[in-house]
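The values are calculated or read from the model by the stated rules, or taken from the named source; none is laboratory data. Here the structure is a predicted model, which is why all the values come from computation and not from measurement. When we count neighbours, we look across all protein chains shown, and the Cβ atoms used for this are built from the backbone with ideal geometry, even at glycine.
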Amino acid sequence: MSRATFKKWFRPSAVLPGLVAGLVNGLLGGGGGLLLVPMLRRMAGLAVHASHATAIVTTACFSAVSLPIYLLRGSVDLSLALPLAIGGAAGSLCGALVLRRVPTGWLKKGFALFLLFSAWRMYVG
């Protein structure tokens, strides 16, 4: 990789938010994308749709790194994880195909409601 290519793709200002989101994702088994979407909007100036799509790609990388550790430690119930993964893959496909058609305002409000619901569920158990 040339130095120019490295500078184009590696942004030190994105490493810290990525580190924080990856840490949350690894500790909580998810949630890195919840942090990344607003960070990408504010820090990188991405549009709503682009921030959601970028967060998905980034979170997939986080998950790919933590997956072997969870598997090696025997922390994964594969009899439950595999059917969830199949359903999740189908849902992800549908969501990715529909994302462009969802108005920005709906996406922002829906994401905010999802954050509030997630916070409430985490708080009350």
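Quick one: count up the residues across the stretch 14-44 that are at pLDDT below 85 and more than 30 Å from TYR70 (Cα to Cα).
2
Output the qualifying pairs, or none if there are none: Cβ atoms under 8 angstrom, residues six or more apart or on different chains, first residue in the stretch 62-83 and under 18 Å from GLY31 (Cα atoms), second residue of a type in the set (A, V, I, L, M, F, W, C) and surrounded by 12 or more Cβ atoms within 10 Å (Cβ to Cβ).
PHE62/ALA21; TYR70/VAL76
For the stretch 107-124, state whether one or more residues are under 27 Å from SER13 (Cα atoms) and in a loop (DSSP other than H, G, I, E, B).
no
Within the stretch 62-107, work out how many residues are surrounded by 14 or more Cβ atoms within 10 Å (Cβ to Cβ) and within 24 Å of GLY18 (Cα to Cα).
Residues meeting the conditions: 6.
Starting from the stretch 98-114, keep only residues that are within 14 Å of ARG41 (Cα to Cα) and of a type in the set (S, T, N, Q), then list their pairs with residues that are assigned to a helix (DSSP H, G or I) and modelled with pLDDT under 95 whose Cβ atoms are within a distance under 6 Å, requiring at least 6 positions of separation or different chains.
THR104/VAL48
Suppose we keep only residues that are under 14 Å from the mean Cα position of the chain (by Cα) and of a type in the set (Gly, Ala, Ser) within the stretch 54-88. Which one would you say is nearest to GLY33 (Cα to Cα)?
Looking at residues that are under 14 Å from the mean Cα position of the chain (by Cα) and of a type in the set (Gly, Ala, Ser), I get ALA55.
Answer yes or no: is there a residue in the stretch 47-56 that is at pLDDT below 85 and in a helix (DSSP H, G or I).
no
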